[in-house]
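Structure first, then comments.
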Amino acid sequence: MSDKYDFRAIEEKWQKRWEDQQQFAAIEEAGKKKFYMLEMLPYPSGALHMGHVRNYSLGDSIARFRKLQGYNVLHPIGWDAFGLPAENAAIKNKIAPEEWTLANISQMKAQCIQMGFAYDWNREIASCLPDYYRWNQWFFLKMFEKGLAYKKKGQVNWCNQCQTVLANEQVVNGGCWRDDSPVEVKEFEQWYLRISDYADELLEALDGLEAWPEKVRTMQRNWIGKSIGTRVEFKLEDGTPLEIFTTRVDTIYGATFVVLAPEHELVRSWTDDPEHGPQLAEFAEQVRRVDKIQRTDEAAEKLGVFTGRYAINPYNGERVPVWIANFVLMDYGTGAIMAVPAHDQRDFEFASKYGIPIRQVILPADGTEGDVQDAAFTEYGVLANSGAFSGLGSAEAQAKMTTHAEEQGFGSKSISYRLKDWGISRQRYWGTPIPIIHCPECGSVPVPEADLPVKLPRVEGLSLGGSPLEQVESFVKTTCPGCGGTARRETDTMDTFIDSSWYFYRYADARNEGAPFDGEKIDYWFPVDIYIGGVEHAVMHLIYMRFFTKVMRDLGLVKLDEPVHSLFTQGMVIKDGSKMSKSKGNVVAPDLIVERYGADALRLFIQFCAPPDGELDWIDSGLEGCYRFLNRYWRFVDRYLPLISEHAGTVGDLTDRGRALQRKLHQTIPKVATDIERVHQNTAVAAIMEFLNAAYDYVDKEEQPDPGLLGEVVRSLTLMLYPFCPHVSEEVWERLGNGDSIALARWPEFDVELAREDELEIVVQVNGKVRGRFSAPVGVSREAMEKLALEDEKVQSWIEGKTVRKVIAVPGKLVNIVVSG
């Protein structure tokens, strides 16, 4: 064995062997426990970045570890290959999006192989290929049959830069999620999926996702936004109905104004008003450019404009002014609220700013008068100044006032959701064609399943502005499947989040030509055991994938309710305090690191230098340290391999140092395993490094190191290192004389008795502060602990000349001496 760690030769050798032997191919094996390891599939932008490397290294170490534990591991990869970047690149470079995308996939696949990721490439998918997107179309048709897919005209988010519609979830801080360009609100006919039909189930099922981060579950709860309240119909003075939604109908006698969202359809109809119209239009345009989260932030300034109109409160007949304001959203309730400044802090701030009356109608339940001079009183209490409902408690009043509204015909009990139906129409080329034919006689007709896939035609000279498919006459012109008459194809394409809402099911049966997948294979592999990806997908992809699973279940395709058991959200990779980006000049290219240090060193560093769920601040010295560690490991094996090979056998009678190293080994094995299971790879690697230091300490101080112990040390160390650094581990495993790949070995066993300490470290405190430590045998008595603590030289210096009032011993852990004087 050479004393030089030639990582280039080693990594090239094992990558080729893994490929030749189909090392990571997975097949269903009845009766064998399975493990489905999944990372979010990448967009083929052209090259892997460090965020990819971190995500995939974490998943790969878990997949390899579980295989050592005897699991049948499925670890697939694919490409989220449709989308605007490819289309924009095609326009810029005058090449077909497919050509650009497939070239990028080829390059990024080569990088994944270079990193040694243990993917089953037989299951690789690319969402831009017809054998995948035909099933997007098939799912759409099934939803269309069930009434879950429909077309309507409505307000949509429009990105001028991308020239397409965006879902609500894709608007961030008033801008496009891709390029931050301003987003406008326009009216279009769009295709929608009825995700709102599943709102309750999506919300309630979150409680069962105990292995998901609470942050993600909270974000989804907030996005679904369920509120139980009352719908009440106010009327404008001209008789136009204005429906509001409130969760506090008990406060309605204190409503001194009504507020509409700037996007409300009534507001648009008032912009022609010569007196108020220009101001309304200007304000509405300003507000539409502000992110919805920012608009509803409690700390944000409350801004509004009077519409010049008044509405009538149906409970008391009072005439109240109608305003528009930045804090009311069309996404919530009806897009119109009654404003009760005495009992809602947001309304209080708005009324105070614009001089609107504040009328108290809820008094504290303790009988005091309360005070709404400086802030709103928002708690439940007792109604006052509320007509026949005065004197009732808030909860009782809500029920009776809702019943009254129902009896009088101006209101009803209602449940409101922030979650709206998913608009999936996109006016772009590089996406899945929507399989609908528009016939003048028959209306919207589904493409027959036998005619799927509806393939994207090749388009020359792509440009922005309108749906590119509209310009392809050979694609648009067709015949109606119903009547045979002349008809036109739908020219919008699907939101690319459709592609990523079910791809993980296709991995289970990626080459099935007759169905999206075989249900028996889903039964075997699902649910996904661990899914790793960024928290930024919490309210888009991670809701859509759950929705798709529930629809599939209702279609009889799958038996499960949720697709993923455990979700892990990894942190970003940053450098110099900022996210890596070309514009900031702080990008570190993985290829350059692999060329200089090797893939194993990069994999080790990116899993070691920070907790996986936290930010990783790139530090070159840390990478160099991991490279030095691998060289130390290699030199240790090189130095003692002849001795291990010559004296292969069991561990002999060990010296104290030998027993200490053996104890350390049997403590390290379960720690590393537990840390990987908890996705704490950084502490797992730290334990491995600490153990190698202990091994060096042993051989440096021991005159005649035990060959059997060294063999156990090297074998176990190599198995523990394998999930993180598979190439060098495979090489060492082979040189240890093993004929099969290390991937076919088993995780090392540990002996509880061998891991047990002979001695314990006891902490000594004086008046609660640590003043010393001493060693004691396992099972030491309280009396002995107290005696040893009082005799300790360091401790004596702290208690000398003082009176010992009490000595408290916690068995096996610490002694606290209480003194005075």
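Quick one: count up the residues across the range 526-554 that are of a type in the set (F, W, Y), outside any helix (DSSP H, G or I) and open to solvent by less than 10 Å² (accessible area, probe 1.4 Å).
1
Applying the selection to the range 87-123, what residues are within 25 Å of R426 (Cβ to Cβ) and within 24 Å of the chain's Cα centre (by Cα)?
Those that are within 25 Å of R426 (Cβ to Cβ) and within 24 Å of the chain's Cα centre (by Cα): I105, M108.
Conditions first: (1) of a type outside the set (S, T, N, Q); (2) out of contact with any helix residue (DSSP H, G or I) (no Cβ under 9 Å at 6 or more places or on another chain); (3) surrounded by fewer than 17 Cβ atoms within 10 Å (Cβ to Cβ); (4) over 16 Å from M494 (Cα atoms). E449 passes all but one, so which condition is the exception?
(2)
Could you list all residues from the range 471-511 that are open to solvent by less than 10 Å² (accessible area, probe 1.4 Å), free of Cβ contacts under 8 Å to residues at least 60 places away in the same chain and under 30 Å from Y119 (Cβ atoms)?
Matches in the range 471-511: S501, Y505.
In the range 565-581, what count of residues is obtained for those that are more than 16 Å from the chain's Cα centre (by Cα) and either in a loop (DSSP other than H, G, I, E, B) or touching a residue at least 24 places away in the same chain (Cβ under 8 Å) (or both)?
6
Between residues in the range 692-708 that are more than 17 Å from L641 (Cα to Cα) and of a type in the set (A, V, I, L, M, F, W, C) and residues that are open to solvent by 30 Å² or more (accessible area, probe 1.4 Å) and assigned to a helix (DSSP H, G or I), which pairs lie under 7 Å by C-beta distance while being six or more apart or on different chains?
Hits for this filter: A694/K664.
Would you check if there is a residue in the range 460-468 being assigned to a helix (DSSP H, G or I) and either surrounded by 13 or more Cβ atoms within 10 Å (Cβ to Cβ) or out of contact with any Asp or Glu (no Cβ under 8 Å at 6 or more places or on another chain) (or both)?
yes
How about the range 154-248: which strands (runs of 3 or more DSSP E) wholly inside it have at least 1 residues that are modelled with pLDDT of 95 or more?
Those strands (runs of 3 or more DSSP E) span 183-193, 227-236, 241-246.
List pairs: first in the range 745-764 and closer than 19 Å to P670 by Cα and open to solvent by 30 Å² or more (accessible area, probe 1.4 Å), second modelled with pLDDT of 90 or more and of a type in the set (V, I, T), Cβ under 6 Å, 6+ apart or cross-chain?
Going by the 6 Å Cβ cut-off, the qualifying pairs are F750/I669.
In the range 575-584, what residues are surrounded by fewer than 17 Cβ atoms within 10 Å (Cβ to Cβ) and at pLDDT 85 or above?
D576, G577, S578, K579
Quick check on the range 383-440: of everything there that is hydroxyl-bearing (S, T, Y) and open to solvent by 30 Å² or more (accessible area, probe 1.4 Å), which residue is nearest to T240 (Cα to Cα)?
Step by step, filter the range 383-440, then rank; the result is S412.
So F774 passes all but one of these: (1) open to solvent by less than 30 Å² (accessible area, probe 1.4 Å); (2) closer than 24 Å to F608 by Cβ; (3) among the aromatic types (F, W, Y). Which condition number does it fail?
Evaluating F774 over (1) open to solvent by less than 30 Å² (accessible area, probe 1.4 Å); (2) closer than 24 Å to F608 by Cβ; (3) among the aromatic types (F, W, Y) leaves (2) as the failure.
So is V185 under 26 Å from the mean Cα position of the chain (by Cα) and among the β-branched types (V, I, T) or not?
no
When the residues of the range 291-305 are filtered to those that are among the hydrophobic types (A, V, I, L, M, F, W, C) and surrounded by fewer than 16 Cβ atoms within 10 Å (Cβ to Cβ), which remaining residue is farthest from P182 (Cα to Cα)?
A299
Go through the range 250-344 and tell me which strands (runs of 3 or more DSSP E), entirely inside it, have 2 or more residues that are under 27 Å from A397 (Cα atoms) and at pLDDT below 95.
Fully inside the range 250-344 and qualifying: nothing.
Tally the residues that are open to solvent by less than 10 Å² (accessible area, probe 1.4 Å) and within 37 Å of the chain's Cα centre (by Cα), restricting the search to the range 250-266.
4
Residue pairs, Cβ under 7 Å, 6 or more apart or interchain, first in the range 397-415 and of a type in the set (D, E, K, R), second part of a strand (DSSP E or B) and at pLDDT 95 or above. List them.
Pairs that qualify, where the first residue is of a type in the set (D, E, K, R) and the partner is part of a strand (DSSP E or B) and at pLDDT 95 or above, are E406/S412; K413/T230.
Please determine whether any residue of the range 40-54 is outside any helix (DSSP H, G or I), closer than 30 Å to S463 by Cβ and of a type in the set (S, T, Y).
yes
Which one of these does D523 not meet: (1) surrounded by fewer than 20 Cβ atoms within 10 Å (Cβ to Cβ); (2) touching a residue at least 40 places away in the same chain (Cβ under 8 Å); (3) farther than 22 Å from G423 by Cα?
(2)
Looking at (1) closer than 30 Å to K142 by Cβ; (2) surrounded by 15 or more Cβ atoms within 10 Å (Cβ to Cβ), which is the only condition T378 fails?
Among (1) closer than 30 Å to K142 by Cβ; (2) surrounded by 15 or more Cβ atoms within 10 Å (Cβ to Cβ), T378 violates only (1).
Would you point out the residue of the range 110-123, among those that are in contact (Cβ under 8 Å) with a residue 12 or more places away in the chain and open to solvent by 40 Å² or more (accessible area, probe 1.4 Å), that is farthest from F504 (Cα to Cα)?
Out of the qualifying residues, it is Q114.
Looking only at the range 738-769, which residues are modelled with pLDDT of 95 or more, over 41 Å from the mean Cα position of the chain (by Cα) and among the small types (G, A, S)?
Residues satisfying the conditions do not exist here.
Could you pull out every one of the helices (runs of 4 or more DSSP H) wholly within the range 599-697 that has 2 or more residues that are more than 30 Å from V53 (Cβ to Cβ)?
Answer list for the range 599-697: 620-646, 656-677.
Do any residues in the range 40-63 that are at positive phi have Cβ atoms under 8 Å from those of residues that are open to solvent by 10 Å² or more (accessible area, probe 1.4 Å), where the two are at least six apart or on different chains, and which pairs are they?
Taking only residues 6 or more apart or on different chains, the pairs are G46/N104; G46/Q107.
Quick check on L790: is it in contact with a helix residue (DSSP H, G or I) (Cβ under 9 Å, 6 or more places away or on another chain), open to solvent by less than 80 Å² (accessible area, probe 1.4 Å), without any contact (Cβ under 8 Å) to a residue 40 or more places away in the chain and part of a helix (DSSP H, G or I)?
Yes, satisfied.
Out of the residues in the range 702-713 that are in a helix (DSSP H, G or I) and touching a helix residue (DSSP H, G or I) at 6+ places or on another chain (Cβ under 6 Å), which is surrounded by the most Cβ atoms within 10 Å (Cβ to Cβ)?
Among those that are in a helix (DSSP H, G or I) and touching a helix residue (DSSP H, G or I) at 6+ places or on another chain (Cβ under 6 Å), it is V713.
Yes/no per residue for (1) open to solvent by 10 Å² or more (accessible area, probe 1.4 Å); (2) under 25 Å from W733 (Cα atoms); (3) among the basic types (K, R):
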| position | (1), (2), (3) |
| --- | --- |
| E29 | yes, no, no |
| K33 | yes, no, yes |
| P44 | no, no, no |
| A47 | yes, no, no |
| I62 | no, yes, no |
| R66 | yes, yes, yes |
| G78 | no, no, no |
| A86 | no, no, no |
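Quick test for you: out of L557, L592, pick the one residue that is part of a helix (DSSP H, G or I), open to solvent by 40 Å² or more (accessible area, probe 1.4 Å), closer than 26 Å to D120 by Cα and of a type in the set (A, V, I, L, M).
L592
The values are calculated or read from the model by the stated rules, or taken from the named source; none is laboratory data. Given the structure is predicted, the values throughout are model-derived calculations rather than measurements. Methodologically, a virtual Cβ is constructed for each residue, glycine included, from the backbone with ideal geometry; neighbour enumeration extends over all protein chains shown. In case anyone asks, the SASA skips ligands and DNA or RNA and just uses the protein heavy atoms, side chains included. Shrake-Rupley method; radii C 1.70, N 1.55, O 1.52, S 1.80 Å.
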